[in-house]
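These notes are about the structure you will find just below.
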Amino acid sequence: MNKCKYAKVCGGCDYQGLPYEKQLNKKQRAMENLLAPVLLRNGYEKEAVSLLFHPIIGADEPYGYRNKVHAVFGRGRNKKTICGTYEKGSHWVVDIDTCQIENAHAVELIRGIKDMMPSFKLQPYDEDKKTGTLRHVLIRVGQQADREEYMVVLVTGTKTFPGKKNFVKAIVDKYPEITTVVWNINDKKTSMGLGEEEEVLFGPGYVTDELLGNRFKISPKSFYQVHHGQTEKLYSAAIAAAKLQPTDVVLDAYCGTGTIGICAAPHCGSVVGVELNSAAVADAKENAKKNGIENISFRAGDAGEYLLRQAAEGKNLPNVVIMDPPRSGSSKEFIQALQKIRPERIVYVSCGPQSLARDLGFLLRPKHGQRLYRVESLQPCDMFPMTNHCEMICLLSKLHEAHCNRYTKGNHGRKIGE
Ligand code: SAH
C-alpha cells in the first residue's frame, strides 16, 4: 500500500501505510482485548467468551469511501488560493490534492471549485484580517444504484456572498453531477463546522442516498454514515442479529434520520424511532414516507427519558431494542429503563466501544442477585478503514428467571444442565 504523502501533516489516518488485512487483525484484537474482560468479570468462562466474537466485517472498498468531504481555503506562499486541511495541531492550511479515504471525485470537484474562484474574484476568507469570502467547502455524496449525486456546501465567513449567482451557475454547468448547492454562513472563530444560517442556491438542498433498497435524504447538517458499502453491511448485520419476527415491536433508539428503523420495518410488526435532534426526526418522517413505510413512527427527545416514560406507562413496550448511541454511549436512564422493560433482545450498535464496554458492565451486572441479560454475539465491523476506529454490534438476550449466573461454553449463559 502506498503511503499518503500528507500523512504526517494531516494526521487523519492512524493506520496509514498498514496493509488492510493487518488493520483488520489489529481491530479484531483490540475489540477482544477491550470487551472480553467485561464478560470475564461478569461470570463468563474463557472458552465461552472466545466463541462470542465473530470475525470483523471488512470493507470491499477500504479506499475512497468517505461520502462527506471537507476542505478549507487558504493562501499558499505565492498568495495563490489553496485548499485542503489544517496542519495537525495548527491553523495552517495544507494544500491537498489527493486523499486515500475521501471520495475521489469529491476531491476533484473541490479542486475544480478552487480553480474557478479567481475568475469570479472570490478570495479565501482570512479569519484574522476578516477579509475574503469563502472559508470552506463541504461535499456530500448520495450513492444510488445507477448514479451519484453531489451536494456542494459553500461556507462563507461573511454574511454576504458577492457574485454567488454566476459562480454557482458556472459550477453546475461544468459539473452536472452536482445536483444541489447550498450557501452556509459560519462567522465563528476557528471552526470547521457549519453555521446556523443557510440558503439553497441550486437544486433541492439535499442529495438522496440508497441503502438496502431504501432512499434517504442527506441534508448539509444531517448525521449520515460515511461509508456507503459498510453501512449496508452494518445495518444488515444489526437487523439479522435482532432476529425479527412479524409480531415484534421494535424501538430504534438514537435513530438519526431513521435509517436502521426504516430498513428493519418490513421485517417486524412496528418500529418507533427516538432521536434528540428534531431536524433529524423531521428527515426521518420524510424518509419513511418516501419509502412507503407505514409501520414506523418517530419521537423527538432524549432516548432515556422516553424509555423511562414508556416503562412507567407500561403500554406498547418494545420487545426488541436496537440502539445506536453516539460515541459517548447510552445514558444511565436508558439502561435503567431497559432493565425495567426487559426487552427480549437488545442489539447495541456502538461507534464507541469504550462506552459499549461500560454499558455492558451495567447490563450484565446482577440486579437483586439476578442477571437479566446475556451476551449472545459480538460483531466488529470496519466503518472507517485506515483509522483506528471500530464499530461493534452486540446482541444481548434476556435471561429468564430460572437461569443462573454462570455463562459457560456452548450454552452461552443457560443454566448448566438446562
Ligand atoms: N442510527 C443512526 C444515527 C446514529 S448516530 C444512523 O445509523 O445513521 C447517534 C444519534 O444519536 C445521533 O443522531 C444523535 O443526534 C442522537 N442522540 C444523541 N444523544 C441522544 C439522546 N440523548 N437521545 C436520543 N438521541 C440522541
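Please treat every number below as a calculation from the coordinates, not as lab data. For clarity, every value in this text was computed on a predicted model and none was experimentally measured. Ideal geometry is used to build each Cβ from the backbone, glycine not excepted, and the neighbour counts take in all protein chains shown.
Data overview
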{"read-out": "Cα gyration tensor, the stretch 209-279 - rounded (a/c under 1.5), prolate or oblate", "value": "oblate"}
{"read-out": "Theoretical FRET efficiency, 1/(1+(r/R0)^6), r = Cβ-Cβ of residue 88 and residue 215, R0 35 Å, to 0.05", "value": "0.40"}
{"read-out": "Rounded to the nearest 20 debye, dipole of the stretch 68-218 from Cβ charges on Lys, Arg, Asp, Glu", "value": "640"}
{"read-out": "q = 0.19, 0.22 Å⁻¹, the stretch 60-122: log10 I(q)/I(0) [Debye, one scatterer per Cα]", "value": "-0.74, -0.92"}
{"read-out": "Label-to-label distance, nm, for residues given as residue 45 and residue 174 (7 Å Cα→Cβ offset)", "value": "6.7"}
{"read-out": "Largest to smallest principal axis extent of the C-alpha atoms in the stretch 68-218, angstrom", "value": "48, 33, 28"}
{"read-out": "Gain upon complete extension [residue 358, residue 75; 0.36 nm per residue less C-alpha separation]", "value": "97.3 nm"}
{"read-out": "For a label point 7 Å along the Cα-to-beta-carbon line of residue 159, residues of the stretch 128-146 with backbone N under 18 Å", "value": "130-135"}
{"read-out": "20 Å Cα-Cα reach of residue 174 towards lysines, excluding residues that sit fewer than 8 places from it in its own chain", "value": "114, 121, 164, 165"}
{"read-out": "FRET efficiency for residue 104 and residue 342, using Cβ-Cβ distance with R0 set to 41 Å, rounded to 0.05", "value": "0.30"}
{"read-out": "Reachable lysines from residue 26, criterion Cα separation under 26 angstrom, eight or more residues apart if same chain", "value": "3, 5, 8, 46, 68, 88, 233, 409"}
{"read-out": "Dipole-positive endmost among 109, 72, 92 within the stretch 1-126 (Cβ charges, Cα centre)", "value": "92"}
{"read-out": "Over the stretch 176-304: Kirkwood hydrodynamic radius from C-alpha pairwise inverse distances, Å", "value": "15.8"}
{"read-out": "Value of D in µm² per second that Stokes-Einstein yields for the chain, Kirkwood Rh from Cα pairs, at 4 °C (1.567 mPa s)", "value": "56"}
{"read-out": "Rounded, prolate or oblate (a/c below 1.5 giving rounded, otherwise prolate when a/b exceeds b/c) for the stretch 1-160 by Cα gyration tensor", "value": "prolate"}
{"read-out": "Estimated inter-spin distance, residue 312 and residue 126, nm [label 7 Å along Cα→Cβ]", "value": "5.8"}
{"read-out": "Cα gyration tensor shape for the stretch 144-213, rounded if a/c is under 1.5, else prolate or oblate", "value": "oblate"}
{"read-out": "Within the stretch 333-348: backbone nitrogen closer than 15 Å to the residue 302 label point (7 Å, Cα to C-beta)", "value": "333-338"}
{"read-out": "Net dipole in debye of the chain [+1 Lys, Arg Cβ; -1 Asp, Glu Cβ; about Cα centre; nearest 20]", "value": "1000"}
